[in-house]
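Beneath this line is the structure, given in structure tokens, with notes to follow.
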Amino acid sequence: MINKGKFNAYSVLFSSNRNVTNGTNEQTYKNVISGTLESETFNYLLNFNAIRLNDVKSINRFNHSGIIAEQNSIRNLEEIINDNAIKLEKIKLNNASLKEVLKNRKSVRDYSGEELSFKNFSQLIYNSFGINDARTIKIDDINVPTRFYASGGGLYPVEIYLYIRSVENIKNGLYLYQPYSNSILKKNNELELDKILENNVIDYKNLNVAILFKVDMNRAYIKYGELSLLNIFVEIGLMSQTYNLVGTSLGIRSCDIAGFSKKIAEKNMNIDGINSHILYMVASGREK
């Protein structure tokens with residue numbers, strides 16, 4: 001066994017091809033670099049600098065045609081307003097110091113189970129994912145609504161699903177957030193949170209809200225092609241950080257979750273796992 005290199009104080013790689021699947025990530029990394037093991041992550045990164053001609057054409061077409069402005073101006077028509085929809089309140093945040101919010105933000109995995117007020121819930125969801133009424137963009141005489149987080153090309157391909165437990169005046173269950181009407185739509189799906197978060201250290205029994213980020217690839221791919229996935233990952237990161245900071249200002253703690261059963265979540269939610277995917281979760285509640 002030969003020591004091949006030292007990348008930092010905790011990562012020493014060895015050349016051994018006896019087993020490319022077992023062992024630690026150091027061994028896996030070495031085999032990926034040496035070409036004896038495939039990695040979707042590295043394959044994506046290695047091809048990331050290759051932008052196809054049709055991607056360039058699509059990006060230019062969207063940028064110069066005003067298609068997105070037209071789409072966003074009528075996306076409210078996608079939303080369903082019926083007896084299963086609950087209208088949230090549009091309540092601005094208190095004048096919390098950004099310095100204090102940044103200083104106090106932390107990941108919390110254990111929750112008290114204390115009921116979250118409807119007011120605080122409304123503030124949390126609206127100020128994280130809602131339409132920013134104070135800012136619109138005018139493109140070719142079309143008033144385009146914007147949201148409280150950035151989105152590549154203004155496509156907004158990520159939808160917010162909420163698993164609600166212990167929120168004032170709202171029945172427990174799965175809901176879809178509808179930003180244009182600032183409402184949540186009750187879904188009939190039963191979410192097996194214990195199985196989705198199996199072997200995870202999150203206190204899912206006492207949380208108030210779990211956010212599930214659903215992406216529809218067609219919304220981003222038709223413009224960005226192979227650049228879509230990067231834009232989507234960045235957007236989800238921006239959304240989760242906004243949610244974390246808004247929650248911190250309201251005394252609501254959260255924890256980002258990448259380690260969950262994507263397959264079970266998508267099966268529970270009748271999501272195909274081809275065009276539509278659940279890519280990330282955030283658990284939140286009052287700190288224990």
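Report the full-extension gain for the segment T36 to R135: residue separation times 0.36 nm, less the Cα-Cα distance, to one decimal in nm.
Going from the current span to full extension adds 30.5 nm.
So how compact is segment 71-118: Cα radius of gyration and Dmax in angstrom?
In Å, with Rg to one decimal and Dmax whole: 17.3, 42.
Could you identify which residue out of E226, E190, E40 has the top mean-square fluctuation in a GNM of the chain using Cα springs shorter than 10 Å?
Looking only at E226, E190, E40, the biggest GNM fluctuation is shown by E40.
Work the Kirkwood hydrodynamic radius out for segment 84-198: mean of 1/r over every pair of different alpha-carbon atoms, inverted, in Å. Could the numbers behind the result be given before it?
Values: mean 1/r = 0.0610 Å⁻¹.
Roughly 16.4 Å, rounded to one decimal.
With the chain treated as a Gaussian network of Cα nodes joined by springs under 10 Å, which of L212, L98, L88 yields the largest mean-square fluctuation?
Residue with maximal mean-square fluctuation among L212, L98, L88: L98.
Need one number for segment 127-172: average projected area of the convex hull over its C-alpha atoms, nm².
Working: hull surface 18.6 nm².
The number I arrive at for segment 127-172 is 4.6 nm².
Can you send over the carbon and sulfur percentage of the accessible area for segment 129-269, probe radius 1.4 Å, protein chains only?
49 percent
Which one, N72, N43, N268, has the greatest fluctuation when you compute a Gaussian network model over the chain with C-alpha springs under 10 angstrom?
Greatest mean-square fluctuation among the candidates belongs to N43.
Of the options A85, L162, L102, report the single residue whose Cα projects farthest towards the positive end of the charge dipole of the chain (beta-carbon charges: Lys, Arg +1; Asp, Glu -1).
L102
Under the 0.36 nm per residue contour assumption, what length would be gained going from the current alpha-carbon distance of K87 and N143 to full extension?
Gain on stretching K87 to N143: 17.8 nm.
Given N residues in the chain, what is Rg(Cα) / (2.2 N^0.38 Å)? Each step should come with its number before you reach the end.
Details: Rg = 21.4 Å, N = 288, 2.2 N^0.38 = 18.9 Å.
Dividing the Cα radius of gyration by 2.2 N^0.38 Å gives 1.13.
Would you list the P(r) distribution for segment 189-288, with all Cα-Cα distances sorted into 10 Å bins from 0 and each bin expressed as a whole %?
Per 10 Å bin, starting at 0, the Cα pair percentages come out as 14, 42, 33, 9, 0.
Return one whole number: the accessible area per residue of segment 36-139 in Å², for a 1.4 Å probe.
The answer is 69 Å² per residue.
Let me see the P(r) profile for segment 26-93: every Cα-Cα distance counted, bins of 10 Å, each bin given as a percent of all pairs.
14, 19, 19, 20, 23, 5
Can you list the aspartates and glutamates whose alpha carbon is less than 20 Å from that of K103, not counting same-chain residues fewer than 8 positions off?
D256, E287
Give K263/K288; K119/K223; K57/K267; K92/K214 a once-over and call out the pairs whose C-alpha atoms are over 32 Å from each other.
Exceeds cut-off: K119/K223; K57/K267.
Hey, can you list the DSSP H helices of the chain whose Cα span along the axis is 20 Å or longer and whose average Kyte-Doolittle score is at least 1.0?
Both cut-offs are met by no helix.
The values are calculated or read from the model by the stated rules, or taken from the named source; none is laboratory data. As the structure is a computational prediction, the values presented were derived from the model and not from experiment. Quick reminder, even Gly has a Cβ in these numbers, built from the backbone with ideal geometry, and neighbours come from all protein chains shown. When the accessible area is computed, the model is the full protein with side chains, heavy atoms only, and any ligands, DNA or RNA have been set aside. Shrake-Rupley method; radii C 1.70, N 1.55, O 1.52, S 1.80 Å.
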